[in-house]
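Q: For reference, the structure I am asking about is given below.
Computed from the coordinates by the stated procedures, all read-outs in this text should not be read as laboratory data. Here the structure is a predicted model, which means the values were calculated and not measured. When we count neighbours, we look across all protein chains shown, and the Cβ atoms used for this are built from the backbone with ideal geometry, even at glycine.
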């Protein structure tokens, strides 16, 4: 039998584990906040560039997209590792790369539904000429974040905390202070994609020929390294 | 009740015992609810800073405390060294502005420690053991909340104290500095209560590992980002009232606005509350946040089976 790259059963189970209980509620809250803010800003100042920049870049691209990716990804692998049921999955004759790829398909679906589409809607409300650029930037950035956080969740049992600290300190705090961070920052790579399409200036001096391959490398490389790590996986106890 | 518990031993006839293995029972004084609650409060407070826990649990809170103190130390250093050079006669960053500047660190601390105090008891069902002691449910909730609030208060107020002492050493007018410092301490208490209440409420509803941390961060970070976005746009487009109302929806801007209204502190947000009516709204919103969080927690724990 030819090895398949995506297992539909794992995709179905993954979707169930994301929308079980409270995680799903959090995922729904974030897009609602973004769209609500867009409607408010539109009511206040109309189609002006400043409002669109604040809402779409400041909230959408740098806060909502990474958080949706983090919530979605941490709901896929971490709980199974946590309660040990991942061993049943790993015991099946399925390639570890297939497992990771199937899980990431679910995460990608979440990013599309809860980050990219809401950003598209928000952009249509605020400034339709930005819509395509921001939606594409959000999608690519979200995919890269999913791969990154998937790797984190097989690397450490505190993936959510580590991921949050990475987001807040590296992407947020240091990214705002030090310009050089743009070469190693997923948010800024996706911003480079946005400004190429949407005629808005978000990051200085970050060429597209660097940003797009960098995003691709993180997406593919993160997924591959995660699968590789799962091949030699051993369950460890808590603290 | 020492008299009751020591009775079987005195009479020599064990009453209501299924198996008497001959062990000597505890016949000393049994402390009541008060001392139990106090010991529980102290343990919780120590645990938030990792004291009495593993070295790995100490790392995050201690690093955060260090990072909170670092800017204050630098500010004091600049104030003491360059007071005459730069012609300074007050703190470089106002006491009331400091928590807003370092809100990221405070949020991470609250988000990391609220689940450690609240969610673990629910997840591992240790709460049944606590509730089996002479401590009522409501007391358990309030004590947990008190531990978290005091821990957060220590994190917020420690750099303020450092700045205050540095300011006194640098010969700033003591009367004025003391007044401002005390106002900021009141603000720090209220901010700690708001943050701890919200974080505990979220943590009590999200028992899953790691998810509570994310949920608290989402609530604090997203609300703050949204509020600052709205305020920035509101002040740029001349809709100040919208910005003032928006300030009610993040604990940081709420408490900063409250301090501007009550103590006339310098404002750190683009749209501080203007006028008595808006100021009173900030007061009411603060009270509602704290009381609402306590009420929500009590309701949540009524459904927990012991």
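Q: Normalising by the residue count of segment B:33-302, find the relative contact order in percent from Cα pairs under 8 Å and 6+ residues apart.
A: 23
Q: So what is the relative contact order for chain A, in percent, with contacts set as C-alpha pairs under 8 Å and at least six apart?
A: 24
Q: Partner chain Cβ atoms within 10 Å, averaged over the residues of B:212-224 - can you pull that number for me?
A: 5
Q: So what's the back-of-envelope 222 nm ellipticity for chain B, counting only DSSP H runs of four-plus at -39500 (n - 2.57) apiece and dividing by all residues, rounded to 500? Kindly include the intermediate steps, with their values, before the conclusion.
A: On the way: 15 runs with 220 residues, N = 306.
It lands at -23500 deg cm²/dmol.
Q: Just to be sure I understand: if I project the alpha-carbon convex hull of segment B:33-302 onto a plane and average over all orientations, what area do I get in nm²?
A: Mean shadow area of the hull around the Cα atoms is 15.6 nm².
Q: Residues in segment B:182-222, backbone N under 16 Å from the label point at residue B:263 (7 Å along the Cα-to-beta-carbon vector): list them, ranges by number please.
A: What the label zone holds, given the 16 Å backbone N cut-off, is B:182-194.
Q: Another question about this same structure. Rounded, prolate or oblate for segment B:62-104? Axes are the square roots of the Cα gyration tensor eigenvalues, ordered a ≥ b ≥ c, and the cut-off for rounded is a/c under 1.5. List each step's numbers first, then the result.
A: Working: a/c = 4.16, a/b = 1.79, b/c = 2.33.
Oblate, because a/c is 1.5 or more while a/b does not exceed b/c.
Q: When chain A is modelled as a GNM with alpha-carbon springs shorter than 10 Å, which of A:91, A:214, A:223 fluctuates the most?
A: Residue with maximal mean-square fluctuation among A:91, A:214, A:223: A:91.
Q: For chain A, what is the largest minus smallest coordinate of the Cα atoms on each principal axis, given in angstrom and ordered from greatest to least?
A: 56, 41, 36 Å, listed from the longest principal axis down.
Q: Just tell me how shielded B:228-234 is by partners: mean number of partner chain Cβ atoms within 10 Å of each residue's Cβ, no decimals.
A: That works out to 6 on average.
Q: Something else about it: State whether the protein assembly as shown is rounded, prolate or oblate according to the following rule on the C-alpha gyration tensor (a ≥ b ≥ c being the square roots of its eigenvalues): a/c under 1.5 gives rounded; otherwise a/b larger than b/c gives prolate, and the remaining case gives oblate.
A: Because a/c hits 1.5 or more and a/b fails to exceed b/c, the protein assembly as shown counts as oblate.
Q: Could you work out which residue, out of B:156, B:230, B:118, moves most in a Gaussian network model of chain B, that is, has the largest mean-square fluctuation with Cα springs under 10 Å?
A: Judging by the Gaussian network model, the answer is B:230.
Q: Also: Taking 22 Å as R0, compute the FRET efficiency from the Cβ-Cβ separation of residue B:276 and residue B:186 and round it to 0.05.
A: The formula returns an efficiency of 0.70 here.
Q: Per-residue Cβ counts within 10 Å, from other chains only, averaged over A:43-53: what number is that?
A: On the way: counts 2, 9, 6, 1, 0, 3, 0, 4, 6, 0, 2.
Mean partner shielding for this stretch: 3.
Q: Can you bin segment B:150-306 into rounded, prolate or oblate? Criterion: square roots of the alpha carbon gyration tensor eigenvalues sorted a ≥ b ≥ c, rounded for a/c under 1.5, prolate for a/b above b/c, oblate for the rest.
A: Note, shape of segment B:150-306 comes out oblate.
Q: Determine which residues of segment B:104-144 fall in the zone a paramagnetic label at residue B:39 would reach in this model, i.e. backbone nitrogen under 18 Å from the point 7 Å along Cα→Cβ.
A: Correct set: B:126-137, B:139-141, B:143-144.
Q: Another question about this same structure. Quick one: divide the alpha-carbon radius of gyration of segment A:98-239 by 2.2 N^0.38 Å and tell me what you get.
A: Numbers: Rg = 16.1 Å, N = 142, 2.2 N^0.38 = 14.5 Å.
So segment A:98-239 has a normalised radius of gyration of 1.11.
Q: Just want to confirm a number: the relative contact order over segment A:31-165, from Cα pairs under 8 angstrom separated by 6+ residues, in percent.
A: 38
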